[in-house]
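Down below is the structure, laid out as structure tokens.
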Amino acid sequence: MVLNPLHDQLYVLSPGEPVLAVFDRNSSEGTLALRQKLAVAADANGLTVSPDGDAVYVSSPTGFGIWTRQTDGLLIERVGPHGDAGDWIIRAAGSSGTGTLLFLTSDSGDTVQVLVDSGTAISHLQDITGIVDPSAVALSPDGQHLFVTSAADHALHVLVKQADESYLPLQTFREGEAGLRGMK
């Protein structure tokens, strides 16, 4: 489930149907109204939205679904090959000078994959390695810091964005440090 950056729509994966449910949000009352139900892959496993709210991304082992938000708030599926996601799960999105950065993790491995969506194609930017079983990813609002938790070694990794838009390690909090236990 993801609230878009404009705070006026909530996106929810409902794999039982399988659909991406789009809810309009009344910000003054906090109520939701179902706006759209969009077909997604039955094995959809990840959901995020671009920082500007213009694109919604759904990952599944068979590939990516990408929807573009129209001025009236409706989502329209972007047609075209978007690549095979394999066992990668989309976790977060951020801004880049060349498009939207997409951050993916795998259920098996020690890598966070960074892709760039230019609006017409998705390309590979970086593999961030050395994080054992990355389980969650968050990005600072300015996109300068990436936060990744490791389920296997219960650590929190902080990475900093470089001029070439890649990310390098800055700091790590490990199990037991600062009195923290069981980070996932």
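The values are calculated or read from the model by the stated rules, or taken from the named source; none is laboratory data. Predicted model, so just to flag it, every value in this text is computed and none were measured. Neighbour counts are summed over all protein chains in view; Cβ atoms, including those assigned to glycine, are modelled from backbone coordinates with ideal geometry. With ligands, DNA and RNA removed, areas are computed over all heavy atoms of the protein, side chains included. Shrake-Rupley method; radii C 1.70, N 1.55, O 1.52, S 1.80 Å.
Within the stretch 116-135, the set of residues being open to solvent by 40 Å² or more (accessible area, probe 1.4 Å) and assigned to a strand (DSSP E or B) comprises ILE122, SER123, HIS124, LEU125, ASP127, THR129. Tell me yes or no: at least one residue of the stretch 25-33 is among the basic types (Lys, Arg), farther than 19 Å from ALA138 by Cα and either open to solvent by less than 50 Å² (accessible area, probe 1.4 Å) or part of a loop (DSSP other than H, G, I, E, B) (or both). No, the stretch 25-33 contains no residue that is among the basic types (Lys, Arg), farther than 19 Å from ALA138 by Cα and either open to solvent by less than 50 Å² (accessible area, probe 1.4 Å) or part of a loop (DSSP other than H, G, I, E, B) (or both). If you check SER108, SER95, which single one turns out to be at pLDDT below 90, farther than 14 Å from GLY46 by Cβ and in a strand (DSSP E or B)? After ruling out the rest, the residue left standing is SER95.
Within the stretch 34-63, which residues are in a strand (DSSP E or B) and under 24 Å from SER140 (Cα atoms)? Of everything in the stretch 34-63, those that are in a strand (DSSP E or B) and under 24 Å from SER140 (Cα atoms) turn out to be GLY46, LEU47, THR48, VAL49, ALA55, VAL56, TYR57, VAL58, SER59. ARG78 passes every criterion in (1) of a type in the set (Lys, Arg); (2) open to solvent by less than 50 Å² (accessible area, probe 1.4 Å); (3) in contact (Cβ under 8 Å) with a residue 40 or more places away in the chain apart from (3).
Given the criteria open to solvent by less than 50 Å² (accessible area, probe 1.4 Å), modelled with pLDDT of 90 or more and farther than 21 Å from ALA136 by Cα, does GLY83 qualify? No. Residues in the stretch 164-176 that are among the charged types (D, E, K, R) and open to solvent by 80 Å² or more (accessible area, probe 1.4 Å) were compared, and the one that is nearest to ASP142 (Cα to Cα) is ASP164. Give just the number: which of (1) open to solvent by 50 Å² or more (accessible area, probe 1.4 Å); (2) more than 17 Å from the chain's Cα centre (by Cα) does LEU6 not satisfy? (2) is the only condition that LEU6 fails.
Any residue in the stretch 6-18 that is assigned to a loop (DSSP other than H, G, I, E, B), under 18 Å from LEU115 (Cβ atoms) and among the charged types (D, E, K, R)? No, because not a single residue in the stretch 6-18 is assigned to a loop (DSSP other than H, G, I, E, B), under 18 Å from LEU115 (Cβ atoms) and among the charged types (D, E, K, R).
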